[in-house]
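Heads up: the structure comes next, in structure tokens.
The values are calculated or read from the model by the stated rules, or taken from the named source; none is laboratory data. Worth saying up front: this structure is predicted, and the values here are computed from it rather than measured. Every residue, glycine among them, receives a Cβ derived from its backbone with ideal geometry; neighbour counts consider all protein chains shown. To get the accessible areas, we keep the full protein, side chains included, count just its heavy atoms, and leave off ligands, DNA and RNA. Shrake-Rupley method; radii C 1.70, N 1.55, O 1.52, S 1.80 Å.
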Amino acid sequence: MIEAVCHCGSIKIEMPAKPDAVTDCNCSICRRYGTLWAYYPAADVRIHARPEALSTYSWGDRRLNFFRCKDCGCITHWMAVENPLAGKMGVNIRNVDPEQMKGVRIRHLDGALSWKFLD
Ligand SMILES: [Zn+2]
């Protein structure tokens, strides 16, 4: 089990396993957030947070909600707006103890233009 925790500890996310790879995306939102994403079926992930501890952001076609901690501001995860538990979700691995992520490959996604991996 891998755990992601925001800086203040209000939000804890449990993932079933270490990811094979994480994604560094250069799209307009990810490059600003500085996130590294691990993807999981949403049904396999547990989120421990008071609902009022989270705030969300979405834009454009509003298919995804990006969640952050209202207290410390850390970006924690994204989920689909519609049927969020049915599809996949992204967890920001920046909130995981780096020791636990040692050796995990970082892939570079050109989310800004081609939507292809650059490596
Ligand atoms: Zn926090």
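Do we find a residue being among the basic types (Lys, Arg) and either within 16 Å of the ligand (Cβ to nearest atom) or modelled with pLDDT under 95 (or both) anywhere in the range 25-37? It would help to see each step written out before you state the result.
Of all residues in the range 25-37, those among the basic types (Lys, Arg) come to 31-32.
Retained after the next criterion (residues that are either within 16 Å of the ligand (Cβ to nearest atom) or modelled with pLDDT under 95 (or both)): none.
No, there is no match, as no residue in the range 25-37 is among the basic types (Lys, Arg) and either within 16 Å of the ligand (Cβ to nearest atom) or modelled with pLDDT under 95 (or both).
Go through the range 39-67 and give me each residue that's of a type in the set (Phe, Trp, Tyr), open to solvent by 70 Å² or more (accessible area, probe 1.4 Å) and in contact with a strand residue (DSSP E or B) (Cβ under 8 Å, 6 or more places away or on another chain). Walk me through how you get there before you give the answer.
The initial filter retains those residues of the range 39-67 that are of a type in the set (Phe, Trp, Tyr), namely 39-40, 57, 59, 66-67.
Adding the requirement that they be open to solvent by 70 Å² or more (accessible area, probe 1.4 Å) leaves 39, 57, 59.
Once the filter is applied, which keeps residues that are of a type in the set (Phe, Trp, Tyr), open to solvent by 70 Å² or more (accessible area, probe 1.4 Å) and in contact with a strand residue (DSSP E or B) (Cβ under 8 Å, 6 or more places away or on another chain), the range 39-67 yields Tyr39, Tyr57.
May I ask you to verify whether Tyr57 is within 16 Å of the ligand (Cβ to nearest atom) and free of Cβ contacts under 8 Å to residues at least 40 places away in the same chain? Write out each step before concluding.
Numbers: within 16 Å of the ligand (Cβ to nearest atom): yes; free of Cβ contacts under 8 Å to residues at least 40 places away in the same chain: yes.
Yes: the conditions hold for Tyr57.
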When residues of the range 83-102 are filtered for being open to solvent by 100 Å² or more (accessible area, probe 1.4 Å) and in contact with a strand residue (DSSP E or B) (Cβ under 7 Å, 6 or more places away or on another chain), how many remain?
1
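Would you check if Thr76 is within 13 Å of the chain's Cα centre (by Cα) and more than 11 Å from the ligand (Cβ to nearest atom)?
Values: within 13 Å of the chain's Cα centre (by Cα): yes; more than 11 Å from the ligand (Cβ to nearest atom): no.
In short, no.
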Can you spot a residue in the range 24-38 that is in a strand (DSSP E or B), hydroxyl-bearing (Ser, Thr, Tyr) and surrounded by 12 or more Cβ atoms within 10 Å (Cβ to Cβ)?
no
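For the structure I just gave you, tell me whether Gly87 is out of contact with any His (no Cβ under 6 Å at 6 or more places or on another chain), away from the ligand (no atom under 16 Å from the Cβ) and of a type in the set (Gly, Ala, Ser). Reasoning before the result, please.
Numbers: out of contact with any His (no Cβ under 6 Å at 6 or more places or on another chain): yes; away from the ligand (no atom under 16 Å from the Cβ): yes; of a type in the set (Gly, Ala, Ser): yes.
Considered against the rule, which asks whether it is out of contact with any His (no Cβ under 6 Å at 6 or more places or on another chain), away from the ligand (no atom under 16 Å from the Cβ) and of a type in the set (Gly, Ala, Ser), Gly87 comes out as yes.
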